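No lab work stands behind these numbers, since they all come straight from the coordinates. Note that this is a predicted model, so its numbers are computed, not measured. Using ideal geometry, Cβ is built from the backbone for each residue, glycine included, and neighbour counts are taken over all protein chains shown.
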């Protein structure tokens with residue numbers, strides 16, 4: 001177990017095409033950190049820089065306080081699980097898992113013990129003599145995880161490990177990875193483009209966009225107080241309602257509709273000239289909860305079984321609300337909705353930053 | 001009414017409902033016929049001739065002599081020596097061809113070569129497309145003991161001169177070097193194609209697992225090169241067992257039979273009208289090629305390729 005620090009880390013190709021723009025990050029002992037962002041945001045590149053598979057163009061990567069910029073992967077005491085498993089096809093599962101230990105001249109009895117322990121943990125102990133080709137995707141990923149576990153590395157790196165699995169298996173493996181972390185207490189850096197994976201697994205999430213760190217915080221903070229428009233729009237399903245608005249006299253104006261802002265938010269609004277208003281679907285209520293009232297027209301309803309997503313016309317904006325499953329108003333009918341001030345978000349529309 | 005409507009829509013080249021097996025035979029038959037006429041038939045004829053008396057071999061009603069030709073060639077010390085020489089030379093040539101081609105391909109594939117890659121690719125492949133006789137004539141000049149460029153260069157560097165084609169102790173090496181020059185590029189191309197298909201992920205996994213360059217080669221690259229190794233070694237085996245042109249151009253089997261390989265010896269007998277014995281030798285060579293190639297393929301196929 002170890003800590004990982006990134007200090008002003010930069011990655012550029014040919015000195016001009018910069019893909020990682022000076023990222024600072026502190027990952028504590030035993031912490032599960034998830035890098036999340038859309039494809040091309042640089043999350044895998046950043047992980048590969050920690051692994052030593054990509055060179056570092058600027059800044060420092062420290063593992064356990066030691067600068068490792070110029071160390072090859074094998075000297076960094078890390079283990080990595082790849083998206084496409086990267087198992088050795090000609091070796092048995094046992095040999096796949098034992099390979100790293102054999103290279104490190106671990107005694108054979110110790111190898112035997114560690115591989116069997118990992119295999120039992122991952123429930124693959126009955127297939128250790130098989131070759132990877134005889135396995136399903138989920139089983140292969142277990143072997144890849146087993147290969148990482150037996151090494152007992154300082155840091156585990158996961159590069160989109162569940163992307164190649166079907167939805168059901170992905171859910172199962174997600175739970176197992178979380179259990180594994182609780183059991184091993186290991187430092188894990190995990191890359192995914194799936195915000196649900198990020199929310200469910202992480203102690204802390206680092207949201208990346210176009211090579212910039214957008215926010216680095218706990219899943220709760222990321223969800224409840226996103227630091228930027230990008231983060232707000234990326235997390236949650238459906239994501240936060242984000243609509244352009246005007247601010248006048250402590251009120252937010254959505255076309256003809258005027259909503260009273262909490263005093264502190266109204267004050268902070270003054271620091272920007274163009275604004276975007278945000279509210280999460282589950283924070284729009286049909287019952288009077290003391291929130292700002294608004295006259296709304298039902299546009300469309302999407303029953304999901306446990307709940308119903310309802311799109312309302314509110315002022316000149318369309319807002320999605322998460323309603324109970326028994327919502328039965330037809331499109332076109334009108335109702336009152338309530339928007340609590342403490343759940344309102346305002347963003348500077350020009351810079352994309354939250355006004356917090 | 002125009003022509004198109006008069007004749008209906010244009011007919012497809014193949015009937016609409018042609019069964020797949022029909023399409024299979026349509027494509028296969030022309031080549032099967034060519035192979036049968038120009039490949040299999042001469043082999044059968046040759047094997048048939050090896051059971052006839054040389055004097056009557058080419059006549060309509062040849063005299064059958066059973067295994068007499070085979071008995072005769074195996075009693076011929078020149079043939080037995082030639083057989084062993086051919087096997088030895090083939091072994092050396094296959095091993096050095098595969099090793100050199102693999103090393104060259106790995107070098108070309110690595111980042112070490114950089115921008116010179118195209119040049120080095122061209123340099124190794126050019127001899128393959130050079131007419132072999134022309135190439136070997138040049139090599140004969142290079143090795144020449146009186147005015148050859150090789151010995152002049154060695155002398156200029158104050159190094160001992162090379163016996164080349166003139167000495168029984170160096171002629172096999174000399175012939176082998178010329179053959180390597182001519183053939184290695186072909187094998188390099190096959191290896192390069194296979195290297196391009198290798199999984200980068202496995203290399204990275206090995207990096208993380210702690211493998212050094214040699215361990216990565218042995219545990220990751222080499223297993224993935226099995227298809228190219230199989231194709232190349234079978235092809236090289238067949239090619240070197242049949243070594244002929246280089247001998248015909250450079251040594252005529254000499255000096256003192258040192259390069260008198262099976263193909264060349266059989267050809268000499270054929271030239272002397274000893275058709276029965278010549279074709280018996282060709283049949284023995286054919287059997288060796290088939291057995292060794294099959295064994296090699298079996299050996300490599302039994303190890304699962306993942």
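Among A:288, B:209, A:159, what is the fewest-to-most ranking by other Cβ atoms within 10 Å? It would help to have the intermediate numbers written out before the result.
Numbers: A:288 10, B:209 27, A:159 24.
Ranked by crowding around the Cβ, least crowded first: A:288, A:159, B:209.
In vacuo Debye scattering of segment A:25-105, one point per C-alpha: log10 I(q)/I(0) at q = 0.11, 0.12, 0.17 Å⁻¹?
With one equal scatterer per Cα and no solvent, log10 I(q)/I(0) is -0.38, -0.45, -0.87.
Gaussian network model of chain A, Cα springs within a sub-10 Å range: biggest mean-square fluctuation belongs to which of A:229, A:103, A:122?
Per the Cα network of chain A with a 10 Å cutoff, A:103 tops the list.
Can you give the extra length, in nm with one decimal, that the chain gains between residue A:164 and residue A:224 once fully stretched, where that is 0.36 nm per residue apart less the Cα-Cα distance? Please report the intermediate quantities before stating the final value.
Working: separation 60, 0.36 × 60 = 21.60 nm, distance 3.01 nm.
This chain segment gains 18.6 nm when fully extended.
Mind giving me the FRET efficiency for residue B:152 and residue A:134? R0 is 56 Å, r the Cβ-Cβ distance, nearest 0.05 is fine.
On the way: r = 62 Å, r/R0 = 1.10.
Result of the calculation: an efficiency of 0.35.
For segment A:71-218, what does the equivalent ellipsoid look like in terms of its semi-axes, each the square root of 5 times an eigenvalue of the Cα gyration tensor, given largest first in whole Å? Working shown, then result.
Details: eigenvalues 140, 64, 38 Å².
The three semi-axes for segment A:71-218 are 26, 18, 14 Å.
Relative contact order of chain A: what whole-number percent is it, with Cα pairs under 8 angstrom and at least 6 residues apart?
16 percent
Under 19 Å from a point placed 7 Å out from the Cα of residue A:112 along the Cα-to-Cβ direction: which residues of segment A:129-166 have their backbone N that close?
A:129-130, A:150-151
Taking the Kirkwood radius as the inverse of the mean 1/r across Cα pairs, report the Rg/Rh of segment B:50-302. Let's see the in-between values first.
Values: Rg = 21.9 Å, Rh = 20.7 Å.
That ratio is 1.06, to two decimals.
Give the Rg/Rh ratio for the protein assembly as shown, taking Rg as the radius of gyration of the Cα atoms and Rh as the Kirkwood radius, to two decimals. List each step's numbers first, then the result.
On the way: Rg = 37.6 Å, Rh = 32.2 Å.
Expressed as Rg/Rh, it is 1.17.
Which of these, A:250, A:305, A:290, has the largest mean-square fluctuation under a Gaussian network model of chain A (Cα springs below 10 Å)?
Maximum fluctuation in the GNM of chain A, among the listed residues, is at A:305.
Using helices alone, I'd like the mean residue ellipticity at 222 nm for the protein assembly as shown: each DSSP H run of four-plus residues gives -39500 (n - 2.57), total over residue count, nearest 500. Show your work: numbers first, answer last.
Working: 24 runs with 295 residues, N = 662.
One gets -14000 deg cm²/dmol as the mean residue ellipticity at 222 nm.
For segment B:117-196 and segment B:70-86, what is the separation of their C-alpha centers, rounded to whole Å?
29 Å
Between residue A:302 and residue B:141, with labels modelled 7 Å along Cα→Cβ, what's the label distance in nm to one decimal, could you check?
Computed distance between label sites residue A:302 and residue B:141 equals 8.0 nm.
Tell me the label-point distance for the pair residue A:103, residue B:129, using the 7 Å Cα-to-Cβ offset, in nm and rounded to one decimal.
Output for this residue pair reads 4.0 nm.
Test of understanding: express the Cα radius of gyration of segment A:238-348 as a ratio to 2.2 N^0.38 Å, with N the residue count. Please report the intermediate quantities before stating the final value.
Values: Rg = 13.8 Å, N = 111, 2.2 N^0.38 = 13.2 Å.
Relative to the rule-of-thumb radius for its length, segment A:238-348 sits at 1.05.
Viscosity 1.306 mPa s, temperature 10 °C: give me the Stokes-Einstein translational D for chain A in µm²/s, with Rh taken as the Kirkwood radius over C-alpha pairs.
The Stokes-Einstein estimate is 70 µm²/s.
So which residue, out of A:218, A:192, A:235, gets the largest mean-square fluctuation from a GNM of chain A using Cα contacts under 10 Å as springs?
A:218
Using r as the Cβ-Cβ distance of residue B:257 and residue B:118, and R0 as 51 Å, what FRET efficiency do you calculate, to the nearest 0.05?
Numbers: r = 43 Å, r/R0 = 0.85.
The formula returns an efficiency of 0.70 here.
Zone of residue A:29 (label point 7 Å along Cα→Cβ, backbone N under 13 Å): which residues in segment A:1-23?
Inside the label zone: A:1-4.
How far, in nm, would the chain grow between residue A:152 and residue A:18 when pulled straight, counting 0.36 nm per residue and subtracting the alpha carbon separation?
Working: separation 134, 0.36 × 134 = 48.24 nm, distance 3.39 nm.
Once the chain is fully extended between residue A:152 and residue A:18, it gains 44.9 nm.
Between the helical axis of A:108-121 and the dominant principal axis of chain A, each derived from Cα atoms, what acute angle in degrees is found, rounded to the nearest 10?
30 degrees
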